[in-house]
Amino acid sequence: MANTLFDKVWDSHVVRQVKDGPDVFFIDRHFIHEVTSPVAFLGLESRGNSVVYPARTFATADHNTPTINQHLPVADPLSANQLDALENNAKKHGISHWGLGDVNNGIVHVVGPENGITLPGATIVCGDSHTSTHGAFGAIAFGIGTSEVEMVLSTQCIMQPKPKSMRINVNGKLGLGVTPKDVALYIIAKQTTSGATGFFVEYAGDVFEEMTMEGRMTVCNLSIEMGARGGMIAPDNKTFEYLKGRAQTPKGADWDKAMKYWETLYTEENAEFDVEFTYEASDIEPMITYGTNPGMGIGVSKSIPLAENVEGGVETYKKSLGYMSFNEGDSMIGKEIDFVFLGSCTNGRIEDFRAFCSIVEGRKKADNVTAWLVPGSHKVVDQINEEGLDKIITDAGFVLREPGCSACLAMNDDKIPSGKLSVSTSNRNFEGRQGPGSRTLLASPLVAAASAVEGVVTDPRTILNANA
Amino acid sequence: MAYDKFDVLTSTAYPLPTENVDTDQIIPARFLKATERKDFDINFFRDWRFEQDGTPKADFPLNKEIYAGSKILVGGRNFGSGSSREHAAWSVYDFGLRCVISSAFADIFKNNCLNVGVLPVQVSAEFADTLFAAIMADPKTEINVDLPNQKVTLVATGESESFVINTYKKDNMLNGFDDIDYLKNIENEISAFAESRPF
């Protein structure tokens, strides 16, 4: 029988199948951060267990770290306590730890690939739903709960039923101003916020083949936002070129051996998926969300759908628009905004900062906008500086902050105030996600940049066309 | 962490028909800063239960006295979407709930519930509507959740539907077992497997 990429990687990690139960599933790489790991370590210790393979777990602090003055002690005692817990647990159990200020520190889903920890054909988990990011490399990667974090620490396995398979093809060529974020938001809008629940997705077709590794990470990152456990893309030369020479990738003969395996990681011609969808690149425009889940997205030039035209309950839909203070039929373009957030594990990589700068270069931040530009890691910061993007950012009236998850989930001080409207390159527009009462419009770095300079929701194509 | 066994539960239920309830609503991120697992009930549905000044919102079902003490929550479709935070499942449990019924659950939340002793019961959209209608008509409506027979029943009318759970997870819930005990028990098999991994 012809196998899918997903089958190949999944099946090779099954230690045993439990009769009428889940698979005992082996985990190659495990990332931990300060928020979802402390209780797992408490559980581990209370049972008298130890970390069986400390070299397979990697700790980085990101969720509630401040994004200014990282050289100073963390002011919030609860955040400081979690950061200390991560550091102490890592030290005690012999786990590598990239704490605040470490050159390798940054958002877990940014630093994993950057350091070559993420590898094709690997299984990767983390107590964070956006672990799906790592699927961009042809890994099976997904988020887990804290009980499962403890399972991985103490046994290197979790117990998972094998998800069903879905392939999403996007063919053709993307238009001006259409980024990987827009491709993902378009797919999620088509699938709805729950359409892929129970599935693991493979992304295929011209658009993903053409896409950079950063772009692929953005797309796979957002798989969870349509309910999928994860998403993956078959590794190719771009993948291998990205990985070669990174700090923790295999070297020399080990690399050659790994390459032999990685080259087998593709979906065979007649392999079958439980479901398959195909979309056309030319149908996708820059996207923006208008509601309180990531499935509520439309082309930025469109208006908010009427309740009678949406799937699902009318009450829920109206509650959502009520929270946003929007009306059915409203145009998104021209809505006055208060905040712009560039960053997160979705759009906190170098390419996202390049895109943002392509719009703001030679322009000025609008006075009514507060902007938080938060790189995903220190390596991204270094790259921004090397490429001179820092000057473009500063000249346009923006300030670059220090790495972390920041206003994506507002666990640190980067909270959007109640009622304020934010254009955000992050991944969730849930009620209060960016701070109690905050209102979030998810969009690409280009839409965020265009809106930041105009002070209202803006179609980046108007600026890109003017630049051309 | 050990949890109470689950066998047969008969209880009134909180109705929460809103769809796509995400885990940021179940427990907002700013309340995830604990390093111990305790008292997550306090901030369960924090921003839906309370005004920003801390005043309870009287019309929110979880605040209504008539439902107080219910051990079941009947939620709208796609319950528990979003973040993988197990804190959401802990807050359900700490609030005194042992069962969530919905016509669809997000995967990670469902897994987390099973791992902490909350039974997620998936029913058809029609049966979920029947349950909501019954609770609206009579807030004291009792629902019987029978894990051994995998059946959920409206006590007053006898209307029922069976639900799916794999035998392994069912045995865990019935006996209060958990996955770590299982995995530690096959440690040798796992270490042999680990040896064979290329990286």
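Annotations for the structure displayed:
- Database remark: amide H of A:Glu202 closer than 5 angstrom to the amide H of A:Met166, A:Arg167, A:Ile168, A:Met232 (H placed geometrically; neighbours at sequence offset of 5 or more, or on other chains; Pro and chain starts carry no H).
- Ascending count of other beta-carbon atoms within 10 Å, so fewest first, for A:Thr425, A:Thr4, A:Thr394: A:Thr394, A:Thr4, A:Thr425
- Modelled label positions at B:Lys151 and A:Glu272, each set 7 Å beyond Cα in the direction of Cβ, lie 3.5 nm from each other.
- Sparse-neighbour loop sites [GluC sites (Glu not before Pro); the stretch A:367-468; at most 16 other C-beta within 10 Å; DSSP]: A:Glu387
- Backbone amide hydrogens, once placed in the peptide plane, bring A:Thr65 within less than 5 Å of A:Cys405, A:Ser406, excluding anything fewer than 5 places away on its chain.
- Across chain A, the mean sequence separation of Cα contacts (distance under 8 Å, 6 or more residues apart), normalised by length, yields a relative contact order of 17 percent.
- Taking every DSSP bridge with both residues inside the protein assembly as shown, close to 35 percent are antiparallel.
- The mean count of C-beta atoms from other chains within 10 Å of the C-beta of residues in A:46-57, rounded to a whole number, is 2.
- Charge tally around B:Leu9: other residues with Cβ under 13 Å, Lys/Arg +1 each, Asp/Glu -1 each, net 0.
- Distance (nanometres) between label positions extended 7 Å along Cα→Cβ at B:Val164 and A:Asn169: 2.8 nm
- Beta bridges from DSSP with both residues in chain B: antiparallel share about 50 percent, rounded to the nearest 5.
- Average Cα contact separation per residue, chain B, under 8 Å, 6 or more apart, as relative contact order %: 25 percent
- Pair A:Ser303, A:Glu387: separation of 7 Å Cα→Cβ label points (nm): 3.8 nm
- Efficiency of FRET between A:Asp283 and A:Asn81 - r from beta-carbon atoms, R0 41 angstrom, step 0.05: 0.25
- Selection of trypsin sites (Lys or Arg not before Pro), the stretch B:33-87, meeting DSSP coil and at most 11 other Cβ within 10 Å: B:Lys38
- Contact order relative to length of the stretch A:289-467, as percent, for alpha carbon pairs under 8 angstrom and 6 or more apart: 27 percent
- Mean partner shielding of peptide A:115-124, defined as the number of other chain Cβ atoms within 10 Å of each residue Cβ, is 1.
- Net charge, A:Asp395 excluded, C-beta distance under 12 Å - Lys, Arg +1, Asp, Glu -1: +2
- Annotation: the residues A:Arg433, A:Arg56, sorted from fewest to most other C-beta atoms within 10 Å of their own C-beta, follow the order A:Arg56, A:Arg433.
- Furthest towards positive pole of dipole, A:Ile463, A:Ala450, A:Val125, structure part chain A, Cβ charges: A:Val125
- Förster-model FRET efficiency, 22 Å R0, A:Ser50 and B:Asn188, C-beta, rounded to 0.05: 0.90
- Prolate/oblate/rounded label for the stretch A:289-467 (Cα gyration tensor, a/c 1.5): prolate
- Gyration tensor (alpha-carbon) shape descriptor, the protein assembly as shown, a/c threshold 1.5: rounded
- Peptides A:68-80, A:372-384 ranked from most to least packed give A:372-384, A:68-80, packing being the mean of other C-beta atoms within 10 angstrom over each peptide's residues.
- Extension gain (nm, one decimal) between B:Asp129 and B:Phe60, 0.36 nm per residue minus Cα-Cα: 22.9 nm
- Low-density loop cleavage sites - GluC sites (Glu not before Pro) in the stretch B:1-52, where at most 15 other Cβ are within 10 Å (DSSP): B:Glu36, B:Glu51
- Only Lys, Arg, Asp and Glu carry charge here, each on its Cβ (+1 for the first two, -1 for the last two); on that basis the protein assembly as shown has a dipole of about 640 debye about its Cα centre.
- Calculated [θ] (222 nm, deg cm²/dmol) that DSSP helices of n ≥ 4 give over chain B, each run adding -39,500 (n - 2.57): -8500 deg cm²/dmol
- You can think of it this way: the chain between A:Asn69 and A:Ala2 has 18.7 nm of extra reach, that is 0.36 nm per residue less the Cα-Cα gap.
- Remark: the Cα gyration tensor places the stretch B:8-195 in the oblate category, a/c being 1.5 or greater and a/b not exceeding b/c.
- Its DSSP H runs of at least 4 residues, each contributing -39,500 (n - 2.57), put the calculated 222 nm mean residue ellipticity of chain A at -9000 deg cm²/dmol, to the nearest 500.
- Too-long pairs where the Cα-Cα distance tops 24 Å, listed order kept, from A:Lys8/A:Lys260; A:Lys173/A:Lys251; A:Lys318/A:Lys365; A:Lys181/A:Lys365: A:Lys173/A:Lys251; A:Lys318/A:Lys365
- Placing +1 on each Lys and Arg Cβ and -1 on each Asp and Glu Cβ, with no other charges, gives the stretch A:5-275 a dipole about its Cα centre of roughly 300 debye.
- The mean count of C-beta atoms from other chains within 10 Å of the C-beta of residues in B:186-199, rounded to a whole number, is 6.
- By the count of neighbouring beta-carbon atoms within 10 Å, fewest first, A:Tyr290, A:Tyr323 end up ordered A:Tyr323, A:Tyr290.
Values quoted throughout were computed directly from the atomic coordinates according to the rules given, and no laboratory measurement underlies them. Everything numeric here is computed off the predicted structure, so don't read it as measured data. Reconstructed Cβ throughout: ideal geometry from the backbone, glycine too, with neighbour counts over all protein chains shown.
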